[in-house]
Amino acid sequence: MSELTHFNEQGRAKMVDVSSKEITLRTAIATSSIIVNESIYEQITHGTNKKGDVFAVAQVAAIMAAKNTATLIPMCHPLPLTGVDVRFEWIINQQKPEYEVLIEATVKTKGVTGVEMEALTAASVAALTIYDMCKAAGKEMIIGPTMLQHKTGGKNGDYTRAD
(Lines give C-alpha, C1' and ligand atoms only; values in the text may rest on other atoms or scores of the structure.)
Protein backbone atom coordinates (compact mmCIF):
# COMPACT_ATOMS: atom_id res chain seq x y z
CA MET A 1 0.00 0.00 0.00
CA SER A 2 1.41 3.41 -0.94
CA GLU A 3 2.01 6.09 1.63
CA LEU A 4 -0.29 9.11 1.51
CA THR A 5 2.37 11.77 1.15
CA HIS A 6 0.09 14.80 1.52
CA PHE A 7 -1.18 13.90 5.00
CA ASN A 8 0.58 13.88 8.34
CA GLU A 9 0.18 11.23 11.04
CA GLN A 10 -2.94 13.06 12.31
CA GLY A 11 -4.56 12.81 8.88
CA ARG A 12 -4.16 16.54 8.23
CA ALA A 13 -2.90 18.04 5.00
CA LYS A 14 0.78 18.90 4.75
CA MET A 15 3.19 20.14 2.13
CA VAL A 16 5.26 17.18 0.93
CA ASP A 17 8.89 17.16 2.06
CA VAL A 18 11.00 17.18 -1.11
CA SER A 19 14.34 17.94 0.57
CA SER A 20 15.84 14.53 -0.27
CA LYS A 21 14.96 14.67 -3.98
CA GLU A 22 17.60 15.33 -6.64
CA ILE A 23 17.75 18.61 -8.52
CA THR A 24 16.89 18.00 -12.18
CA LEU A 25 15.72 20.05 -15.12
CA ARG A 26 11.92 20.05 -15.04
CA THR A 27 9.64 21.26 -17.82
CA ALA A 28 5.89 21.30 -18.30
CA ILE A 29 3.67 22.34 -21.19
CA ALA A 30 -0.01 23.00 -20.55
CA THR A 31 -2.73 24.22 -22.87
CA SER A 32 -6.04 25.94 -22.50
CA SER A 33 -8.32 27.67 -24.94
CA ILE A 34 -11.03 30.26 -25.19
CA ILE A 35 -13.74 30.44 -27.84
CA VAL A 36 -14.76 33.98 -28.75
CA ASN A 37 -17.22 35.58 -31.15
CA GLU A 38 -16.27 37.27 -34.42
CA SER A 39 -16.37 40.75 -32.89
CA ILE A 40 -13.84 39.76 -30.23
CA TYR A 41 -11.70 38.01 -32.84
CA GLU A 42 -11.67 41.24 -34.88
CA GLN A 43 -10.81 43.36 -31.82
CA ILE A 44 -7.89 41.13 -30.87
CA THR A 45 -6.47 40.73 -34.37
CA HIS A 46 -6.83 44.41 -35.26
CA GLY A 47 -5.69 45.75 -31.88
CA THR A 48 -8.89 47.70 -31.26
CA ASN A 49 -9.85 46.38 -27.82
CA LYS A 50 -10.40 49.36 -25.50
CA LYS A 51 -8.36 47.76 -22.71
CA GLY A 52 -5.26 47.37 -24.89
CA ASP A 53 -3.28 44.58 -26.54
CA VAL A 54 -5.17 41.50 -25.36
CA PHE A 55 -2.45 38.93 -26.02
CA ALA A 56 0.31 41.11 -24.54
CA VAL A 57 -1.64 41.56 -21.30
CA ALA A 58 -2.63 37.87 -21.19
CA GLN A 59 0.99 36.86 -21.70
CA VAL A 60 2.20 39.02 -18.81
CA ALA A 61 -0.67 37.76 -16.62
CA ALA A 62 0.24 34.15 -17.43
CA ILE A 63 3.90 34.70 -16.54
CA MET A 64 2.93 36.39 -13.28
CA ALA A 65 0.52 33.53 -12.51
CA ALA A 66 3.22 30.90 -13.08
CA LYS A 67 5.55 32.78 -10.74
CA ASN A 68 2.85 33.02 -8.06
CA THR A 69 1.30 29.55 -8.28
CA ALA A 70 2.38 28.63 -4.74
CA THR A 71 0.35 31.55 -3.37
CA LEU A 72 -2.78 30.26 -5.14
CA ILE A 73 -2.52 26.47 -4.72
CA PRO A 74 -2.02 25.69 -1.02
CA MET A 75 0.23 22.61 -1.25
CA CYS A 76 2.45 23.82 -4.12
CA HIS A 77 6.09 24.50 -3.36
CA PRO A 78 7.39 27.97 -4.25
CA LEU A 79 9.77 27.37 -7.15
CA PRO A 80 12.54 29.42 -8.75
CA LEU A 81 11.38 29.31 -12.35
CA THR A 82 14.07 29.49 -15.02
CA GLY A 83 11.72 30.15 -17.93
CA VAL A 84 8.10 30.82 -18.81
CA ASP A 85 6.85 31.12 -22.39
CA VAL A 86 3.26 31.64 -23.51
CA ARG A 87 2.06 31.28 -27.09
CA PHE A 88 -1.28 32.01 -28.73
CA GLU A 89 -2.66 30.43 -31.89
CA TRP A 90 -5.97 31.07 -33.64
CA ILE A 91 -8.05 28.08 -34.70
CA ILE A 92 -10.86 29.29 -36.95
CA ASN A 93 -13.84 27.16 -37.90
CA GLN A 94 -15.66 29.02 -40.71
CA GLN A 95 -18.58 26.55 -40.73
CA LYS A 96 -19.88 27.57 -37.28
CA PRO A 97 -18.28 30.34 -37.37
CA GLU A 98 -16.13 29.91 -34.30
CA TYR A 99 -12.91 31.60 -33.26
CA GLU A 100 -10.77 29.76 -30.74
CA VAL A 101 -7.53 30.91 -29.15
CA LEU A 102 -5.27 27.99 -28.25
CA ILE A 103 -3.00 28.97 -25.35
CA GLU A 104 0.23 27.07 -24.71
CA ALA A 105 2.28 27.72 -21.58
CA THR A 106 5.77 26.25 -21.16
CA VAL A 107 7.45 26.46 -17.76
CA LYS A 108 10.96 25.35 -16.75
CA THR A 109 12.98 25.06 -13.57
CA LYS A 110 16.00 23.27 -12.15
CA GLY A 111 14.64 21.88 -8.94
CA VAL A 112 13.36 19.02 -6.82
CA THR A 113 9.71 19.18 -7.84
CA GLY A 114 7.86 19.65 -11.10
CA VAL A 115 6.27 22.67 -12.74
CA GLU A 116 3.01 21.14 -13.96
CA MET A 117 0.89 23.33 -11.69
CA GLU A 118 2.75 26.44 -12.81
CA ALA A 119 2.11 25.65 -16.48
CA LEU A 120 -1.56 24.83 -15.86
CA THR A 121 -1.99 28.02 -13.83
CA ALA A 122 -0.33 30.12 -16.54
CA ALA A 123 -2.55 28.72 -19.29
CA SER A 124 -5.68 29.16 -17.17
CA VAL A 125 -4.89 32.74 -16.19
CA ALA A 126 -4.12 33.66 -19.81
CA ALA A 127 -7.61 32.46 -20.78
CA LEU A 128 -9.20 34.28 -17.85
CA THR A 129 -7.36 37.48 -18.77
CA ILE A 130 -8.59 37.27 -22.36
CA TYR A 131 -12.12 36.84 -21.01
CA ASP A 132 -11.73 39.83 -18.69
CA MET A 133 -10.38 42.10 -21.41
CA CYS A 134 -13.06 41.11 -23.94
CA LYS A 135 -16.20 40.61 -21.84
CA ALA A 136 -17.68 43.96 -22.91
CA ALA A 137 -17.89 42.58 -26.49
CA GLY A 138 -19.62 39.35 -25.45
CA LYS A 139 -19.90 37.26 -22.33
CA GLU A 140 -20.65 33.98 -24.14
CA MET A 141 -16.95 33.07 -24.36
CA ILE A 142 -16.08 29.48 -23.43
CA ILE A 143 -12.87 28.66 -21.58
CA GLY A 144 -11.24 25.24 -21.72
CA PRO A 145 -10.41 22.50 -21.75
CA THR A 146 -7.20 23.04 -19.81
CA MET A 147 -4.71 20.18 -19.65
CA LEU A 148 -1.12 19.08 -19.19
CA GLN A 149 0.38 18.18 -22.57
CA HIS A 150 3.94 17.24 -21.64
CA LYS A 151 6.33 17.12 -18.72
CA THR A 152 9.93 16.11 -18.24
CA GLY A 153 12.09 15.37 -15.21
CA GLY A 154 11.48 13.87 -11.84
CA LYS A 155 11.29 10.37 -10.40
CA ASN A 156 8.13 9.53 -12.42
CA GLY A 157 9.91 10.44 -15.65
CA ASP A 158 8.53 12.07 -18.75
CA TYR A 159 4.87 12.30 -19.70
CA THR A 160 3.23 13.14 -23.00
CA ARG A 161 -0.55 13.31 -23.39
CA ALA A 162 -1.75 10.47 -25.63
CA ASP A 163 -4.42 12.37 -27.54
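Beta carbons within 10 angstrom, averaged per residue: use that to sort the peptides 118-128, 51-61, highest first. If you can, show how the numbers build up before the last one.
On the way: 118-128: 26.1, 51-61: 17.1.
Those peptides, ordered most packed to least, come out 118-128, 51-61.
Which value in nm describes the separation of the simple spin-label points at D53 and L102, placed 7 Å from the Cα toward the beta carbon?
2.3 nm
Please compute the contact order of region 43-163 in relative form: average sequence separation of alpha-carbon pairs under 8 Å and at least six residues apart, divided by the residue count, as a percent. Don't skip to the end; give the middle numbers.
Numbers: 162 pairs, mean separation 28.7, N = 121.
Relative contact order, region 43-163: 24 percent.
State, to one decimal in nm, how far the label point of V18 lies from the label point of R161, with both points 7 Å from Cα in the Cβ direction.
2.2 nm
For region 63-121, compute the orientation-averaged projected area of the C-alpha convex hull (one quarter of its surface), in nm². Working shown, then result.
Values: hull surface 18.9 nm².
Averaged projected hull area, Cα only: 4.7 nm².
Given R₀ = 35 Å, FRET efficiency for T71-T45 by Cβ-Cβ distance, to 0.05? All intermediate terms of the calculation are to be shown ahead of the outcome.
Numbers: r = 33 Å, r/R0 = 0.96.
Calculated value: 0.55.
Please give the direction-averaged projected area of the C-alpha convex hull for region 62-163, in square nanometres with one decimal.
Details: hull surface 31.1 nm².
Averaged projected area of region 62-163's Cα convex hull equals 7.8 nm².
Filter K14/K108; K110/K135; K51/K108 down to the pairs with a C-alpha to C-alpha distance above 32 Å, please. Mind dumping the intermediate values first?
Numbers: K14/K108 25 Å; K110/K135 38 Å; K51/K108 30 Å.
In this structure, K110/K135 lie more than 32 Å apart at Cα.
Per-residue HN-Hα couplings for region 51-68, Karplus 6.51 cos²θ - 1.76 cosθ + 1.60 at θ = phi - 60°, whole Hz, x for Gly and Pro?
Residue by residue, region 51-68 yields 8, x, 6, 4, 5, 5, 5, 5, 5, 5, 4, 5, 5, 4, 5, 4, 5, 10 Hz.
So, R0 is 22 Å and r is the distance between the beta-carbons of M147 and E9; what FRET efficiency does that work out to, to 0.05?
On the way: r = 34 Å, r/R0 = 1.56.
It comes out at approximately 0.05.
Would you mind working out the magnitude of the charge dipole of region 14-151 relative to its Cα centre, with +1 at each Lys and Arg C-beta and -1 at each Asp and Glu C-beta, to the nearest 20 Debye? Working shown, then result.
Numbers: 13 positive and 14 negative charges, 85 e Å.
Dipole size: approximately 420 debye.
For region 118-123, take each phi angle, set θ = phi - 60°, evaluate the Karplus expression 6.51 cos²θ - 1.76 cosθ + 1.60, and give the result in whole Hz per residue in order, putting x for glycine and proline.
3J(HN,Hα) across region 118-123, in whole Hz: 5, 5, 5, 5, 4, 5.
Once phi is turned into ³J(HN,Hα) by the Karplus curve 6.51 cos²θ - 1.76 cosθ + 1.60 with θ = phi - 60°, what whole-Hz value does each residue of region 144-151 show in order, with x for glycine and proline?
3J(HN,Hα) across region 144-151, in whole Hz: x, x, 10, 7, 7, 9, 7, 8.
Report, to the nearest whole %, how much of the accessible area of region 1-98 belongs to carbon and sulfur atoms, 1.4 Å probe, protein only.
On the way: 3620 of 6640 Å².
Result for region 1-98: 55 percent of the exposed heavy-atom area is carbon or sulfur.
Give me the distance in nm between label points sitting 7 Å out from Cα along the Cα-to-Cβ direction at Q94 and A136, one decimal.
3.2 nm
Return one whole number: the accessible area per residue of region 1-104 in Å², for a 1.4 Å probe. Walk me through the numbers before you get to the answer.
Working: 6820 Å² over 104 residues.
Solvent-accessible surface per residue comes out at 66 Å².
Once amide H atoms are built 1.01 Å from N in the peptide plane, which residues 5 or more positions from S33, or in another chain, come under 5 Å H to H?
I103, G144
The values are calculated or read from the model by the stated rules, or taken from the named source; none is laboratory data. All values reported here derive from a predicted model rather than from experimental measurement. With ideal geometry, Cβ positions are generated from the backbone for all residues, glycine too; neighbour counts draw on all protein chains shown. In case anyone asks, the SASA skips ligands and DNA or RNA and just uses the protein heavy atoms, side chains included. Shrake-Rupley method; radii C 1.70, N 1.55, O 1.52, S 1.80 Å.
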